[in-house]
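Take a look at the structure set out below.
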Amino acid sequence: MVAEAEAFHPVIHMPEEYWVFDFTRGEDKTWVCPYDYQIGRYDEYRPGMYTTELFGGVRDVHVGLDIGAPVATPVYAFFDGVIHSFGNNSEDGSYGPTIVTEHYVSLPEEVGSQNFGSKTKVWALHGHLSLDSLKDLEIGSQIKAGEMIAKIGSEEVNGGWPPHLHFQLSLIEPDTYDMPGVVEQSERDWALQVYLDPRLVLGKLY
């Protein structure tokens, strides 16, 4: 499901071949992915993956989209917009360095049970970045589609995860540089109304 009214720029330039994970049966930490680039799916039940205090042992539905890539891989703005907020979510298991951008985009007239049609304001969270991605940023500064805004961070700074970008769209303005990227199963229906499928702007990556 891709918006037809806008041409969006890739947030990461993907090769022709990459891996699409299936975490619905849990994570096998002994398995090594044969590809440098990977996708972690949106609206995926991921039992046993989120064990740090941040998730309370009950949050296990992923409401963003993950793009695995090597450390220092460039991250680009998907569309014109502004820097909304940025900072380091340094809790164990969190996003680490994070940038939230704000955009007006055209979405399909119907997304799930919601109706759009004209320009809609959305916020995009980019998590698990490098620390130097936060240097020299200013809230409210303009960004252009295709502009490099960050780089992928290492496990040492990104909350303890293998290098990847967590990309998430929100219809609700966040209070700060954070959004719940994983929710409880009881919150799933509400979360999917608020945190739209990132493939609306990223394209059909799987």
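The values are calculated or read from the model by the stated rules, or taken from the named source; none is laboratory data. Predicted, not measured: the structure shown is a model, and the values here were computed from it. No Cβ is skipped: glycine too gets one built from the backbone with ideal geometry, and neighbour counts run over all protein chains shown.
Considering region 137-175 alone, what residues qualify as being out of contact with any strand residue (DSSP E or B) (no Cβ under 6 Å at 6 or more places or on another chain) and modelled with pLDDT under 95?
Gly160
Out of all the residues in region 51-87, which are over 16 Å from Gly127 (Cα atoms), outside any strand (DSSP E or B) and at pLDDT 95 or above?
Within region 51-87, Phe79, Asp80 qualify.
What residue, among those in region 22-48 that are of a type in the set (Phe, Trp, Tyr) and touching a residue at least 40 places away in the same chain (Cβ under 8 Å), is farthest from Gly203 (Cα to Cα)?
That would be Tyr45.
Tell me, which residue of region 88-104 that is among the small types (Gly, Ala, Ser) and in a loop (DSSP other than H, G, I, E, B) is farthest from Pro180 (Cα to Cα)?
Ser90
Can you tell which of Glu102, Glu16, Glu44 is in contact with a Gly (Cβ under 7 Å, 6 or more places away or on another chain) and of a type outside the set (Lys, Arg)?
Glu102
Give the residue, chosen from Ser106, Ser113, that is among the hydroxyl-bearing types (Ser, Thr, Tyr) and at pLDDT 70 or above.
Checking each option against the conditions leaves just Ser106.
With respect to Thr52, is the statement that it is loosely packed, with under 14 Cβ neighbours inside 10 Å and polar (S, T, N, Q) true?
yes
Restricting to region 135-171, name every residue that is in a strand (DSSP E or B) and among the aromatic types (Phe, Trp, Tyr).
Passing the criteria: only Phe167.
So the check is Cβ under 7 Å with 6+ separation or different chains; which pairs have a first residue in region 182-197 that's within 17 Å of Trp123 (Cβ to Cβ) and a second one that's surrounded by 14 or more Cβ atoms within 10 Å (Cβ to Cβ) and acidic (Asp, Glu)?
Matching pairs, first to second residue: Leu192/Asp43.
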